[in-house]
Amino acid sequence: MSTIQDKQLTEILIEDLMISSEKVAHVQLNNPLEHALLVLVKSGYSAVPVLDASYKLAGTIGKTLILNEILGLERFEIEKLSEMQVHEVMNTDIPSISKQDTFMQGLKAVINYPFVCVSDDEGYFDGIITRRAILKQLKRDYYTSKNNQS
Ligand code: AMP
């Protein structure tokens, strides 16, 4: 079986580079905002996927979205953190990609996002592909092709 190091960029699929679902921090639709903020602050991530009870992808939620939501006219309305749930605030207008999509489709997807969720045909969450993973692979390919030319 060929490893990713042996592959040309054109042969690489999203599944070769993605972070699989069990390693991805996520929150659920009915979690209070307080829980989501805790996950975000403790993990250090700016946003994480939101899943429904059957582990289907529902959206993403980030620190900025939460802080904007609880920002009142003169103060942060901290009480909203326990009153509101993730589904009321999350971003549902998000792109997703499939495990079988190509490296180039991944590159296009992460131009506007630091990470893009990977899901299957039925919407079940498979993981995420990060801009970092795509750029690392691009850099590796650039230097490999350069060394092969000299
Ligand atoms: P990075 O490429 O590690 O800088 O990650 C970019 C963004 O992808 C982070 O800010 C998070 O929003 C998301 N991310 C990366 N890794 C994970 C993970 N293991 N769990 C949840 N979100 C992640």
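Ser98 - would you say it is among the small types (Gly, Ala, Ser) and loosely packed, with under 13 Cβ neighbours inside 10 Å? Steps first, please.
Numbers: among the small types (Gly, Ala, Ser): yes; loosely packed, with under 13 Cβ neighbours inside 10 Å: no.
No: the conditions fail for Ser98.
What tally of residues in the range 68-95 results from selecting those that are farther than 21 Å from Asp120 by Cα and either within 15 Å of the ligand (Cβ to nearest atom) or touching a Lys or Arg at 6+ places or on another chain (Cβ under 6 Å) (or both)?
So the answer is 2.
Considering each residue of the range 26-54, count those that are surrounded by fewer than 14 Cβ atoms within 10 Å (Cβ to Cβ) and within 17 Å of the chain's Cα centre (by Cα), and give that number. Please lay out each step first, then the result.
Quick first cut of the range 26-54, residues surrounded by fewer than 14 Cβ atoms within 10 Å (Cβ to Cβ) only: 30, 41-44, 46, 53-54.
Add one more test, that the residue is within 17 Å of the chain's Cα centre (by Cα), and what stays is 41-44, 46.
Qualifying residue count for the region: 5.
For the range 1-57, which positions are in contact with a helix residue (DSSP H, G or I) (Cβ under 9 Å, 6 or more places away or on another chain), within 15 Å of the ligand (Cβ to nearest atom) and under 30 Å from Ser145 (Cα atoms)?
Of everything in the range 1-57, those that are in contact with a helix residue (DSSP H, G or I) (Cβ under 9 Å, 6 or more places away or on another chain), within 15 Å of the ligand (Cβ to nearest atom) and under 30 Å from Ser145 (Cα atoms) turn out to be Ile14, Leu17, Met18, Ile19.
Just to verify a result, which residue in the range 109-145, among those that are in a helix (DSSP H, G or I) and over 15 Å from Met18 (Cα atoms), is farthest from the ligand (Cβ to nearest atom)?
By that ranking, first place goes to Ser145.
Could you list, in sequence order, the residues of the range 29-75 that are aliphatic (A, V, I, L, M), within 25 Å of Thr130 (Cβ to Cβ) and without any contact (Cβ under 8 Å) to a residue 24 or more places away in the chain? First the steps, then the outcome.
Start the filter on the range 29-75 by keeping residues that are aliphatic (A, V, I, L, M), which leaves 29, 33, 36-41, 47-48, 50-51, 53, 57-58, 61, 65-67, 70-71, 73.
Now restrict to residues that are within 25 Å of Thr130 (Cβ to Cβ): 29, 33, 36-41, 47-48, 50-51, 57-58, 61, 65-67.
Result: Leu38, Val39, Val41, Leu67.
How many residues are closer than 13 Å to Asn30 by Cα and either within 19 Å of the chain's Cα centre (by Cα) or buried (at least 18 other Cβ atoms within 10 Å of the Cβ) (or both) when one looks only at the range 61-84? Full working, then the answer.
Within the range 61-84, the subset closer than 13 Å to Asn30 by Cα is 61, 81-84.
In the following step, the residues that additionally are either within 19 Å of the chain's Cα centre (by Cα) or buried (at least 18 other Cβ atoms within 10 Å of the Cβ) (or both) were identified as 61, 81, 84.
Adding up the residues that qualify gives 3.
Every read-out reported here was derived from the displayed coordinates using simple, explicitly stated rules and does not represent laboratory data. Bear in mind that the values here come from a model prediction, so they are computed numbers and not experimental data. Counting neighbours? That spans all protein chains shown, and the Cβs are built from the backbone with ideal geometry, glycine included.
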